[in-house]
Amino acid sequence: MTREVYNKLAEALNARSIAYPSVPCDEFYVLAEEIFTPEQAEIASNMPVDAVSAEELAAEMKASDVAGLSKQLDEMADRGLVRVKEKAGNRLYELMPLVPGIIELQFMHGRTDERTKRLAQLFKSYGKAVKNMPPPAPTPAPIEKPKARTIVIKQEIHGKTTVLPYEEVMKLIDKTEYIASGTCVCRHQGDLLDRPCDKPKDNLCMIFGPSAQFAQSYGFVNLISKEEARQRIDEAEKAGLVHNYANSQDRYIDLLCNCCGCHCFLLRAAKRSPLPSQFVIADWVINIDDDACIGCGACIDRCWMEALKMDGDLGVRDFNRCIGCGICRYVCPSDAMKLVRRETASVKS
């Protein structure tokens, strides 16, 4: 029965995002049991995609103890499992995805207690298990024509993050009312697992909009000013960190991570891909001005995706490997690196 409820939980989490899928396996069960009690997993698996009140959820679950359910939902909010919204005087709850959402809130506070260390190890073990799983077998063609079914899709299931160059991040900061920041999740996990990173990590995971207010009110992060946010982004640019933006129109969590290619699971997976630019949403790409390039090679080691190389005395980029982060520009002494919209770029390598 316990595994059945966690299987249902995996379905509920995947219905919200498949950026990091919830795959039922021994490692997933151990991780999920550390984060959700069986009772909370049952509640989560019954929550609709849209925000719901305790009274509405109780009716859906045919539960008579609304007060008890409300208490459980509030405890889930304290644990960073559901997001709380206030609308027209009603307290509403939304189950967050595993990533981006639940996992980030388990680490953004920057704690080093035993539970956080245990979670870091469990998440590592789960990630390794998923990575080593064989690809799913192709679904055989049906022998008989299936009956027609109508499936209502209430929202897009997000599976990719968007790589934003510096200028786009600054625009995001300018138009956002609330910004909160916390410890970089991936590099903090690295510290907890005795695999530290030399890149900065403090206040480099950011949450925007109403999600920032929620996360701050529950003590996961701290609100910061626009100027402080710009300073953190400048620090990230100097360190060669990629700005990854997970945006679901603030339905669950509006998250900007500043990522290194050595610890970020997403960038590591993108680098392993033969086409990193298709692994993420990469709206931009680098063009190199051959006339301006002095052949110094400073940009080569800067690129996490190995999209740049030297061809004689000139730098060249691989169109399919470039994810348009633009961090190579920071070290170019001749201003030869220019970001352009991908659809307008030259496809030559």
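Some values worked out for this structure:
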quantity	calculated
Positions within segment 35-45 being out of contact with any Leu (no Cβ under 6 Å at 6 or more places or on another chain) and in contact (Cβ under 8 Å) with a residue 24 or more places away in the chain, in sequence order	35, 36, 38, 39, 40, 42, 43
Residues that are under 18 Å from the mean Cα position of the chain (by Cα) and surrounded by fewer than 15 Cβ atoms within 10 Å (Cβ to Cβ), drawn from segment 12-38	23
Residues that are assigned to a helix (DSSP H, G or I) and free of Cβ contacts under 8 Å to residues at least 60 places away in the same chain, drawn from segment 171-190	171, 174, 175
Checklist (1) out of contact with any helix residue (DSSP H, G or I) (no Cβ under 7 Å at 6 or more places or on another chain); (2) free of Cβ contacts under 8 Å to residues at least 40 places away in the same chain applied to residue 334, failing item	(2)
Scope segment 39-49; condition surrounded by 20 or more Cβ atoms within 10 Å (Cβ to Cβ) and in a loop (DSSP other than H, G, I, E, B); matching residues	47
Residue, nearest to residue 56 (Cα to Cα), within segment 94-130, restricted to residues that are in contact (Cβ under 8 Å) with a residue 12 or more places away in the chain and part of a loop (DSSP other than H, G, I, E, B)	96
Residue tally, condition among the polar types (S, T, N, Q), crowded, with 21+ Cβ neighbours inside 10 Å and in a strand (DSSP E or B), over segment 191-243	0
Filter result for residue 90 (free of Cβ contacts under 8 Å to residues at least 40 places away in the same chain, in the same structural domain as residue 117 (by TED's automatic domain parsing) and loosely packed, with under 15 Cβ neighbours inside 10 Å)	yes
Which numbered condition residue 106 misses (of (1) farther than 27 Å from residue 193 by Cβ; (2) touching a Leu at 6+ places or on another chain (Cβ under 6 Å); (3) not β-branched (Val, Ile, Thr))	(1)
Count - residues of segment 318-349 that are under 17 Å from residue 272 (Cα atoms) and among the charged types (D, E, K, R)	2
Filter result (modelled with pLDDT of 95 or more and of a type in the set (Val, Ile, Thr)) within segment 230-260	233, 242
Listing of strands (runs of 3 or more DSSP E) fully contained in segment 284-342 that carry 1 or more residues being within 19 Å of residue 161 (Cα to Cα)	284-288, 337-341
Any hit, segment 99-106, residues being more than 19 Å from residue 206 (Cα to Cα) and either acidic (Asp, Glu) or outside the structural domain of residue 189 (by TED's automatic domain parsing) (or both)	no
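The values are calculated or read from the model by the stated rules, or taken from the named source; none is laboratory data. If you're wondering where the values come from, they're calculated on a predicted model, not measured in any experiment. Quick reminder, even Gly has a Cβ in these numbers, built from the backbone with ideal geometry, and neighbours come from all protein chains shown.
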